[in-house]
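Everything below concerns the one structure shown next.
The values are calculated or read from the model by the stated rules, or taken from the named source; none is laboratory data. None of the values given here were measured: they were computed from a predicted structure. Quick reminder, even Gly has a Cβ in these numbers, built from the backbone with ideal geometry, and neighbours come from all protein chains shown. What goes into the accessible areas is simple: the full protein's heavy atoms, side chains included, and nothing from ligands, DNA or RNA. Shrake-Rupley method; radii C 1.70, N 1.55, O 1.52, S 1.80 Å.
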Amino acid sequence: MNKFHPDYIIKMKDIVKEGSEILRKKTEEVKVPVSNEDKNALLCMLQYLKNSQDPDLSKKYNLRPGSGLSANQIGLYKRMFAALFEDGQKDNEYMLINPKIISHSLNMIYLPQGEGCLSVDREVTGIVPRYARIKVKAFDITGKEVIHNFRGYGSIVMQHEIDHLNGIMFYDRINTENPYKLPDNVDIRSLY
Ligand code: K2U
Ligand code: NI
C-alpha cells in the first residue's frame with residue numbers, strides 16, 4: 001500500500017528530486033481496470049496541482065506551483081500523470097493512464113523562458129523543442145480509453161510529463177553546446 005490515500009496532502013518533501021535514480025527509470029504500465037490505490041494516488045497528484053495553483057494553499061503548505069506531476073515524481077513507478085493548466089479558453093485538468101503519443105506535428109514550439117521542473121531546484125536555461133501539436137491515446141481514471149489533441153502550452157505540458165514517465169528530464173533536450181540554438185531543418189517557433 002502506498003501513503004497516497006484520498007486525503008493525503010502531497011508536499012514538496014514528497015517530490016523526488018533530480019539525482020535520484022527513480023526519475024531515470026522507465027515506469028511500468030498501470031493495470032486496467034485501475035486499482036483504488038492507483039486512483040487515489042492520481043487524485044492526490046491532481047490535488048497537489050490544484051493546491052499549488054491556489055495562492056492561499058500554496059503559501060500554507062509552501063508548495064511550488066505546478067501544471068503537471070508524474071507518478072515517478074512522487075516515487076511511484078507507474079505510467080500515469082496529472083495535469084492542470086489554462087490555455088486561454090478553459091481550465092484543463094487531466095489524469096492520464098498509460099499515455100501514448102500516437103501522432104504529432106512536424107513543426108515545433110518552445111517556451112521562450114525555457115522550462116522548469118518540480119524535481120529540479122535550480123534554474124536550467126535553454127530551448128526545449130516540443131512538438132506544436134500531439135494526439136495522445138490514454139486511459140482515464142474510469143479505465144475508459146480516451147484520445148486527446150493538444151496544441152500550444154498544453155502540448156508542452158503533456159510532452160514534459162510523458163518524458164518523465166520515460167525517465168527523460170527537460171534539460172536532456174537542451175542543446176549542450178549552445179542552449180539557445182534552434183534545431184536545424186525544423187520549423188520551430190516560440191510559443192509567444
Ligand atoms: O513535471 C513537472 O515538474 C511540472 C512542471 C511541468 C512543466 C514544466 C515546463 C513547461 C510545462 C510544464 C512544472 O509545472 S513547471 C512550473 C509551472 C507552474 C505553473 C504553471 C506553469 C509552469
Ligand atoms: Ni518536471
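In the list 88, 75, 114, which residue meets the criterion of being modelled with pLDDT under 95 and at positive phi? Checking each option against the conditions leaves just 88.
Can you pull out every residue in the stretch 39-57 that is charged (D, E, K, R) and closer than 12 Å to residue 82 by Cα? Walk me through it before giving the result.
Residues of the stretch 39-57 charged (D, E, K, R): 39, 50, 54, 56.
Those that are charged (D, E, K, R) and closer than 12 Å to residue 82 by Cα: 39, 50.
Just one of the listed residues (126, 154) is at positive phi and at pLDDT 95 or above, and it is 126.
Table: residues versus (1) over 16 Å from the mean Cα position of the chain (by Cα); (2) of a type outside the set (S, T, N, Q); (3) part of a loop (DSSP other than H, G, I, E, B); (4) within 18 Å of residue 167 (Cα to Cα).
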residue	(1), (2), (3), (4)
26	no, yes, yes, yes
33	yes, yes, yes, no
40	yes, no, no, no
43	no, yes, no, no
49	no, yes, no, no
58	yes, no, no, no
64	no, yes, yes, no
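Scanning the stretch 100-125 for residues that are touching a helix residue (DSSP H, G or I) at 6+ places or on another chain (Cβ under 9 Å) and within 15 Å of ligand 2 (Cβ to nearest atom) gives 111, 114, 115, 116, 117, 118, 119, 120, 124. In this entry, residue 77 passes the filter for residues that are open to solvent by 70 Å² or more (accessible area, probe 1.4 Å) and of a type in the set (Phe, Trp, Tyr). With respect to the numbered conditions (1) more than 16 Å from ligand 2 (Cβ to nearest atom); (2) touching a Phe, Trp or Tyr at 6+ places or on another chain (Cβ under 6 Å), which one is the sole condition not fulfilled by residue 70? Residue 70 satisfies every listed condition except (1).
Residue-wise test of (1) within 11 Å of ligand 1 (Cβ to nearest atom); (2) without any contact (Cβ under 8 Å) to a residue 24 or more places away in the chain.
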position: 39; (1), (2): no, no
position: 57; (1), (2): no, yes
position: 72; (1), (2): yes, no
position: 84; (1), (2): yes, no
position: 96; (1), (2): no, no
position: 106; (1), (2): no, no
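Determine whether residue 163 is in a helix (DSSP H, G or I) and more than 13 Å from ligand 1 (Cβ to nearest atom). Explain how you work it out, then say what you get.
Working: in a helix (DSSP H, G or I): yes; more than 13 Å from ligand 1 (Cβ to nearest atom): no.
Criteria not met by residue 163.
In the set (1) away from ligand 1 (no atom under 11 Å from the Cβ); (2) farther than 17 Å from residue 15 by Cβ; (3) not acidic (Asp, Glu), the condition left unmet by residue 77 is number (2). Taking the numbered list (1) part of a loop (DSSP other than H, G, I, E, B); (2) more than 17 Å from residue 45 (Cβ to Cβ); (3) away from ligand 2 (no atom under 16 Å from the Cβ); (4) at pLDDT 95 or above in turn, residue 142 passes all entries but (2).
Does residue 133 fit the bill of being away from ligand 2 (no atom under 16 Å from the Cβ), more than 29 Å from residue 19 (Cα to Cα) and buried (at least 17 other Cβ atoms within 10 Å of the Cβ)? Taking the combined requirement at face value, the residue satisfies it.
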